[in-house]
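First up is the structure itself, then whatever we jot down about it.
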Amino acid sequence: MMRRLSAEFLGTAMLLAIVVGSGIMGQRLSGGNGAIALLGNTIATGAGLVVLIHMFGPISGAHFNPAVTLAALLQRQADARTATFYVIAQGAGAIIGVWIAHAMFAEPIIQVSIKLRPGVAQGFAELVATFGLIAIIHATKAKRPDVTPGAVGLYITAAYWFTASTSFANPAVTIARSLSDTFAGIAPASVPLFIAGQLAGVLVAVPLFVWLYQEEAPQ
């Protein structure tokens, strides 16, 4: 269990260092062009996810995301105790990852974002983003587990651009990004809406894709 929790902690910390760090770098190098900054943030995040899932998947399953852990719990692939510890490790790792990114770029370590992301459309975008993430994980693990890392990385890369919220799709990431007043930040006031959308996405995706991928009984 300690190795699995360490993998979840380290993987989530590295993920947030990538997300926030690439956002800072993109913003500094883009000359005020938000599209270029977002593109740099997107490529780094998608590529980093592929590598991190390959690294830590054999140890913990590479959830790095309470939404993924909740999906596993609902499918009885994890018990409540394991899921609880995973979420704690993910949350702690996410915050540490944000602080690591701040330290690398000589930013104040302790920050609170003022970047509001308001509106029902943003919450709905998070539902869509999380629904797609859970769907892809379930589908690839059911039939092609070897392609899961690449599929997740490519999906998140795409979802940065086709969702209005830029696809947080992760409660731990959402909370941690509220502690960074940088390109990737989200104001604390916007966090509950995002997390509500993410949890709704899990609750819609799990029963649908369990049903779609259920094995047919022998005739």
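Sort through Phe56, Phe64, Phe9 and tell me the only one that's outside any helix (DSSP H, G or I) and in contact with a Gly (Cβ under 6 Å, 6 or more places away or on another chain). Answer to the check: Phe64. The set of residues in region 1-31 that are free of Cβ contacts under 8 Å to residues at least 24 places away in the same chain and within 18 Å of Gly57 (Cα to Cα) contains only Met2. Suppose we filter Leu133, Leu74 for residues that are surrounded by fewer than 20 Cβ atoms within 10 Å (Cβ to Cβ) and at pLDDT 95 or above; which single one remains? Going through Leu133, Leu74 in turn, the sole match is Leu74. Ala101 meets the conditions (1) surrounded by fewer than 15 Cβ atoms within 10 Å (Cβ to Cβ); (2) over 16 Å from the mean Cα position of the chain (by Cα); (3) more than 21 Å from Ala189 (Cα to Cα) in every case but one. The failed one is (1).
When you go through Ala37, Ala44, Ala67 one by one, which is the residue that is closer than 19 Å to Arg177 by Cα and either hydroxyl-bearing (Ser, Thr, Tyr) or surrounded by fewer than 19 Cβ atoms within 10 Å (Cβ to Cβ) (or both)? Even if it seems obvious, please write down each step before you answer.
Numbers: Ala37 fails: either hydroxyl-bearing (Ser, Thr, Tyr) or surrounded by fewer than 19 Cβ atoms within 10 Å (Cβ to Cβ) (or both); Ala67 fails: either hydroxyl-bearing (Ser, Thr, Tyr) or surrounded by fewer than 19 Cβ atoms within 10 Å (Cβ to Cβ) (or both).
Of Ala37, Ala44, Ala67, the one residue that is closer than 19 Å to Arg177 by Cα and either hydroxyl-bearing (Ser, Thr, Tyr) or surrounded by fewer than 19 Cβ atoms within 10 Å (Cβ to Cβ) (or both) is Ala44.
All of Val210, Val202 fail the test of being out of contact with any Gly (no Cβ under 9 Å at 6 or more places or on another chain), open to solvent by less than 60 Å² (accessible area, probe 1.4 Å) and either closer than 18 Å to Ala72 by Cα or in a loop (DSSP other than H, G, I, E, B) (or both), apart from Val202.
Might you let me know whether region 12-22 holds any residue that is assigned to a loop (DSSP other than H, G, I, E, B) and in contact with a helix residue (DSSP H, G or I) (Cβ under 8 Å, 6 or more places away or on another chain)? No: zero hits.
Return the only residue of Thr166, Thr157 being in a loop (DSSP other than H, G, I, E, B) and among the hydroxyl-bearing types (Ser, Thr, Tyr). Give the derivation first.
Details: Thr157 fails: in a loop (DSSP other than H, G, I, E, B).
Answer to the selection: Thr166.
Out of contact with any Lys or Arg (no Cβ under 7 Å at 6 or more places or on another chain), among the aliphatic types (A, V, I, L, M) and either under 23 Å from Pro207 (Cα atoms) or assigned to a helix (DSSP H, G or I) (or both), is that true of Ala89?
yes
Just to be sure before I move on: is Leu127 open to solvent by 10 Å² or more (accessible area, probe 1.4 Å), in contact (Cβ under 8 Å) with a residue 12 or more places away in the chain and not in a helix (DSSP H, G or I) in the structure I sent? Here the answer is no, as Leu127 does not meet what is asked. Does region 41-55 contain any residue that is over 18 Å from Tyr160 (Cα atoms), touching a Phe, Trp or Tyr at 6+ places or on another chain (Cβ under 6 Å), touching a residue at least 12 places away in the same chain (Cβ under 8 Å) and not hydroxyl-bearing (Ser, Thr, Tyr)? The answer is no, given that none of the residues of region 41-55 is over 18 Å from Tyr160 (Cα atoms), touching a Phe, Trp or Tyr at 6+ places or on another chain (Cβ under 6 Å), touching a residue at least 12 places away in the same chain (Cβ under 8 Å) and not hydroxyl-bearing (Ser, Thr, Tyr). Within this structure, Val20 passes the test of being buried (at least 23 other Cβ atoms within 10 Å of the Cβ) and of a type in the set (Val, Ile, Thr).
For first residues located in region 100-115 and closer than 12 Å to Phe183 by Cα, partners that are among the charged types (D, E, K, R) and not in a loop (DSSP other than H, G, I, E, B) and lie 6+ apart or on another chain with Cβ distances below 7 Å form the pairs Ser113/Arg177.
Residue by residue, here is whether (1) in contact with a Leu (Cβ under 8 Å, 6 or more places away or on another chain); (2) small (Gly, Ala, Ser) holds:
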residue: Leu127; (1), (2): no, no
residue: Pro145; (1), (2): no, no
residue: Pro149; (1), (2): yes, no
residue: Leu154; (1), (2): no, no
residue: Phe162; (1), (2): no, no
residue: Ser165; (1), (2): no, yes
residue: Ala169; (1), (2): yes, yes
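What is the residue count in region 104-124 for residues that are open to solvent by 50 Å² or more (accessible area, probe 1.4 Å) and over 19 Å from Leu203 (Cα atoms)? Spell out how you get there, then give the answer.
If we filter region 104-124 for residues that are open to solvent by 50 Å² or more (accessible area, probe 1.4 Å), which is where we start, we get 104, 106-110, 112, 114-116, 118, 120-121, 124.
Among the residues that remain, those that are also over 19 Å from Leu203 (Cα atoms) are: 104, 106-110, 112, 114-116, 118.
Here the count works out to 11.
The values are calculated or read from the model by the stated rules, or taken from the named source; none is laboratory data. Since this is a predicted model, take the numbers as computed values, not measurements. Note that each Cβ is placed from the backbone with ideal geometry, even for glycine, and that neighbours are counted across all protein chains shown. Just the protein is used for accessible areas: all its heavy atoms, side chains included, with ligands, DNA and RNA removed. Shrake-Rupley method; radii C 1.70, N 1.55, O 1.52, S 1.80 Å.
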